[in-house]
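The structure appears below as structure tokens.
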Ligand SMILES: Nc1ncnc2c1ncn2[C@@H]1O[C@H](COP(=O)(O)OP(=O)(O)OP(=O)(O)O)[C@@H](O)[C@H]1O
């Protein structure tokens, strides 16, 4: 741990900021889902890729994909028939998921519903219907939600940054939002900074950092409280290859104790870091298994340069065909 990562900004984050920050992190009741997308709007924003509309056809709900965690393991995520619509658009359309510790990859094309699912798990987007239990608590209760948020780490797709904050100040700010004991904050911040390999930039202002470095600051704020449930929405976007390799190793080590869910478009990240993977299409989970099982689905008929990409494209094509057929039957 480097001395440079010790915070001087903790005292600068006053109660007023903390109250405001809590609201911005997403109040279940205050969410205006039809108007607003990201949960965080703390400062200047980096652009978001616009989502394409979902493909045609919907698959039937796939209950046999349920695969409970090993007996005796903590069930940190337990969701049954979770749905979230934005007007007529079914962003999440009947998802069942039970997850214990480990690294779980979430794959799927643009608009498949990955971010919406993660936002529900992050308690910033209430489901339209269905049951969600996180860390053995029901997030509909205010006290339970607060406890979940203390033990949660969330890197949204678009995290806003205060440009004039230093790296340490920013991560400290999130540590305080997560209600960590103030005495524990400086060490936790220093550890998080080191884990994302930003020790040399600890005192740098955020406005001076590159996009990839900012993403690493985002990862650091997500892990500062050593969360039991870590949700990462495209964490490796903008990271260089060396940093991506380091990040995968960080995920594997975090996943030994916590439940880590990573939404990504990079199938190599899934192959290298995830014990299990789910593929979403049109709001549904259309595949769940190990990366090796996904690879096997592409043998002989997938499209792509890498074996895992062929598995991905084969499952997706089958799901789209099945969705189109069920759409044709019902119409
Ligand atoms: N706040 C919102 N208001 C209206 N529609 C939304 C909102 N959030 C998501 N959607 C829609 O829900 C669907 C799922 O979007 P979501 O962002 O969850 O997908 P995704 O799989 O994360 O996509 P990407 O890979 O492009 O990030 C899309 O059709 C999207 O346009």
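Nothing in this text is a laboratory measurement; each read-out follows from the coordinates by a stated rule. Computed from a predicted structure; not experimentally measured. Every residue, glycine among them, receives a Cβ derived from its backbone with ideal geometry; neighbour counts consider all protein chains shown.
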Shape descriptor, segment 128-239: equivalent ellipsoid semi-axes (Cα gyration tensor, sqrt 5λ, whole Å, largest first) stand at 26, 16, 11
Gain upon complete extension [residue 128, residue 256; 0.36 nm per residue less C-alpha separation]: 42.9 nm
So, in nm, how far is label residue 208 from label residue 150 when the simple model puts each one 7 Å beyond its Cα toward the Cβ? 3.6
Rounded to a whole number, the Stokes-Einstein D of segment 195-331 in µm²/s (Kirkwood radius over Cα pairs; 20 °C; 1.002 mPa s) is 128
Quick check on the exposure proxy: order 140, 151 from fewest to most C-beta atoms within 10 angstrom. 140, 151
Between residue 268 and residue 184, what is the spin-label point distance in nm, taking each point 7 Å from the Cα along the Cα→C-beta axis? 3.7
What whole-number volume per residue, in cubic angstrom, does the convex hull of the C-alpha atoms of segment 250-331 give? 96
Show me, bin by bin at 10 Å from 0, the whole-percent P(r) of segment 182-276 based on Cα pairs. 16, 51, 29, 5
Considering the Cα trace of segment 202-255, what is its radius of gyration and what is Dmax, both in angstroms? 11.4, 32
Calculated Rg and Dmax of segment 115-190 using C-alpha coordinates, Å: 14.2, 41
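Please order 88, 201, 114 by the number of other Cβ within 10 Å, starting at the fewest. Don't skip to the answer; put the middle values down first.
Numbers: 88 5, 201 22, 114 27.
Placing the least packed residue first, the sequence is 88, 201, 114.
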Along the Cα→Cβ direction, 7 angstrom out, place labels at residue 89 and residue 194. What is the inter-label distance in nm? 4.4
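Please arrange 170, 247, 165, 86 by counting, for each residue, the other beta carbons lying within 10 Å of its beta carbon, fewest first.
On the way: 170 27, 247 24, 165 21, 86 15.
The most exposed by this proxy come first: 86, 165, 247, 170.
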